[in-house]
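Note sheet for the following structure.
The values are calculated or read from the model by the stated rules, or taken from the named source; none is laboratory data. This structure is a prediction, so every number in the text was calculated from the model and none was measured. Neighbour counts run over all protein chains shown; Cβ positions are idealised from the backbone, glycine included. Side chains included, ligands, DNA and RNA excluded: accessible areas come from the protein's heavy atoms. Shrake-Rupley method; radii C 1.70, N 1.55, O 1.52, S 1.80 Å.
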Amino acid sequence: KNKKGWMTSENECKWFGVMCNEKNEVISLSLRNNQLSGSIPKQLILLSQLSRFDLDANAITGSIPTELGSLNSLVRLDLQNNKIARRVPTEIGQLTLLKDIDLSSNFISGTLPTSIASCVALQELRLTNNMLITTIPTELGNLGNLEILDLSYQEELNGVIPTTIGSCASLNEIRLDIGRKMTGIIPTEIGQLSDLQVFSAGYNELSGSIPSTFANLSQLAILNLMANRLTGMISPSIGLNNALLRQIRLTGNLISGSIPTEIGLLSNLIALEIAETKIEGYIPMELGLCTS
């Protein structure tokens, strides 16, 4: 535990983990992996110029204080790997400069507030491994700068994948694994996400077929839909249009038909998992062309 300078007469700008601007205003508080415990103090509101708040890998308890919503300069909020509980406060939507939220691996429960869609600068939203019981707010479609959406490993991620997610034009990762109760079809609008590299939604209750619009995802590298209720066939276009695919994981679905020979065109492919499906026929010789 490094507490150099803390609670001494030394100027706080010289304390461990504190960074100030030329006016001696605190702009960064980074105390990751520092054996901290207790709750986040409400007095944090006094740091009006704070742009980075990082307490990753400590033992912080309690809830995220609503006062956090008054930190109008905040750009990065990293509270992952703690013991924080209760809901994400609606006041978080007041942080219009916020680019990165990481609340992964805590005990956060309740629903994801729709107000988060007001964080218009948001690029990364990570809440993996929590206890949320929530749907994905349709309002997330307002986040045109969002690049990473990770809501995987929740107590219960339910409802459907909103079609509005297709409006998040900057998305390159969508991770919804082990939501357990997400239903409905995969929206065709996801095919509009030209920068998408990862689409992972395994261990849910998704139905219908893999949208034909996935052929538009020329940057897609990981497609994980295992343990759902998907039907239909693997489209030959997956080998013709998705040349960067490295992983295709479809185990535990109701997908039928045969393995398209066009998959042999995927020279970067390292994993094709289709066990416990209704796929029949021979393994095409063309798979030998997948040299990776």
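Here are the numbers for this structure:
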| read-out | value |
| --- | --- |
| Any chance GLY62 is out of contact with any strand residue (DSSP E or B) (no Cβ under 6 Å at 6 or more places or on another chain), under 25 Å from THR135 (Cα atoms) and of a type outside the set (Phe, Trp, Tyr) | yes |
| Whichever residue in the range 30-73 is among the basic types (Lys, Arg) and closer than 16 Å to ILE84 by Cβ and, among such residues, is surrounded by the fewest Cβ atoms within 10 Å (Cβ to Cβ) | LYS42 |
| Residue that is surrounded by the most Cβ atoms within 10 Å (Cβ to Cβ), among those in the range 169-183 that are farther than 15 Å from LEU140 by Cβ and charged (D, E, K, R) | ASP177 |
| Residues (surrounded by 21 or more Cβ atoms within 10 Å (Cβ to Cβ) and at negative phi) located in the range 141-156 | LEU143, LEU146, LEU149, LEU151, SER152, GLN154 |
| Single residue of GLU189, GLU280, GLU273, GLU205 found to be open to solvent by 20 Å² or more (accessible area, probe 1.4 Å), in contact with a Pro (Cβ under 9 Å, 6 or more places away or on another chain) and charged (D, E, K, R) | GLU189 |
| Answer residue from the range 283-292, given it is within 16 Å of PRO236 (Cβ to Cβ) and more than 30 Å from the chain's Cα centre (by Cα) and is surrounded by the fewest Cβ atoms within 10 Å (Cβ to Cβ) among those | MET285 |
| Those residues of the range 88-102 which are farther than 17 Å from GLN49 by Cα and either crowded, with 19+ Cβ neighbours inside 10 Å or at pLDDT below 95 (or both), in sequence order | VAL88, GLY93, ILE101, ASP102 |
| Residue among THR261, THR231, THR213, THR251 that is farther than 29 Å from ASN145 by Cβ and open to solvent by less than 50 Å² (accessible area, probe 1.4 Å) | THR251 |
| All positions within the range 257-282 that are within 30 Å of the chain's Cα centre (by Cα), modelled with pLDDT of 90 or more and not hydrophobic (A, V, I, L, M, F, W, C) | ASN268, GLU273, GLU276, THR277 |
| Candidate set from the range 74-84 (those that are surrounded by fewer than 22 Cβ atoms within 10 Å (Cβ to Cβ) and farther than 18 Å from SER37 by Cα); member that is nearest to the chain's Cα centre (by Cα) | ARG76 |
| Filter result (crowded, with 19+ Cβ neighbours inside 10 Å and small (Gly, Ala, Ser)) within the range 103-113 | SER104, SER105 |
| Residues within the range 1-29 that are within 19 Å of SER51 (Cβ to Cβ), exposed (fewer than 13 other Cβ atoms within 10 Å of the Cβ) and not charged (D, E, K, R), tallied | 2 |
